[in-house]
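Right, one structure below, let's go through it.
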Amino acid sequence: MRTPLVHLITDLRLEPELPARVERTVAGFPPGCVAVHLRENHLAGGPLLALARGLVAVCHRHGQRCLVNDRVDVALAAGADGVHLPSAGLPPDEVRRLVGPAVLVGVSCHGLADVRRAMAGGASFATFGPVHDTPSKRAYGAPVGLAALSVAAGLGLPLVGLGGVTAANAPAVRAAGAQGVAAIRAWLEAEDPAATVAALVRAFTG
């Protein structure tokens with residue numbers, strides 16, 4: 001399964017009406033171009049499953065994909081297209097055995113060792129970063145930068161650049177070897193999120 005070009009990570013603190021924003025954002029793009037990552041680890045299982053099912057329905061209606069962060073059980077119950085694992089989460093090889101070969105398995109990576117483990121475990125792709133400074137990733141330390149992204153991309157696992165990525169710097173992320181980009185604030189705080197995603201898509205298809 002091809003890695004989506006643009007990965008949209010959720011945050012209910014920035015947007016409490018997620019299904020409505022996703023509806024406004026993902027319509028009209030080529031099938032499989034966009035993936036929405038449901039990352040709301042503070043939610044209990046029941047509310048998380050309900051939200052996941054709503055987002056899966058919206059994404060599938062527009063030919064796009066939906067992944068659930070960390071919770072393999074919720075991803076399977078909701079009929080999601082994949083699961084995205086934290087760097088210290090379940091081993092990707094264990095998850096792959098649970099979900100089968102057709103489901104996307106992503107892993108958060110912050111260095112070469114992380115990427116090697118994800119690749120060896122059968123991950124479909126990995127997010128890599130933070131590439132640039134961003135408030136949501138400062139807890140992970142200083143940005144890794146484009147040079148580190150380029151070296152990591154050379155290992156062969158499809159990488160998605162994460163952290164401070166905008167339409168303006170996305171072409172440089174692509175040039176460094178990333179096969180996609182991930183965004184949080186760039187789409188959740190935009191007045192026109194579809195235009196933001198369109199600009200990111202153009203950076204990887206133009």
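Sub-8 Å Cβ pairs linking a first residue in region 195-206 that is more than 18 Å from A27 (Cβ to Cβ) to a second residue that is charged (D, E, K, R) and at pLDDT 95 or above, at least 6 apart or interchain, are A203/R174; F204/R174, ordered by first then second residue.
Among the residues of region 104-116, those that are closer than 13 Å to L85 by Cβ and free of Cβ contacts under 8 Å to residues at least 24 places away in the same chain comprise V105, V107. None of G28, G100 is surrounded by fewer than 15 Cβ atoms within 10 Å (Cβ to Cβ), at positive phi and either of a type in the set (F, W, Y) or without any contact (Cβ under 8 Å) to a residue 24 or more places away in the chain (or both) except G100. Please find, among A52, A57, the residue that is among the hydrophobic types (A, V, I, L, M, F, W, C) and surrounded by fewer than 22 Cβ atoms within 10 Å (Cβ to Cβ). Testing whether each residue is among the hydrophobic types (A, V, I, L, M, F, W, C) and surrounded by fewer than 22 Cβ atoms within 10 Å (Cβ to Cβ) leaves just A57.
Across region 49-104, the qualifying residues are those that are within 17 Å of A120 (Cβ to Cβ) and basic (K, R), and the one among them that is nearest to the chain's Cα centre (by Cα) is R96.
The values are calculated or read from the model by the stated rules, or taken from the named source; none is laboratory data. Quick caveat, the model's predicted, so the values are computed rather than measured. Don't worry about glycine lacking a Cβ; one is built from the backbone with ideal geometry, like all the others, and counts go over all protein chains shown.
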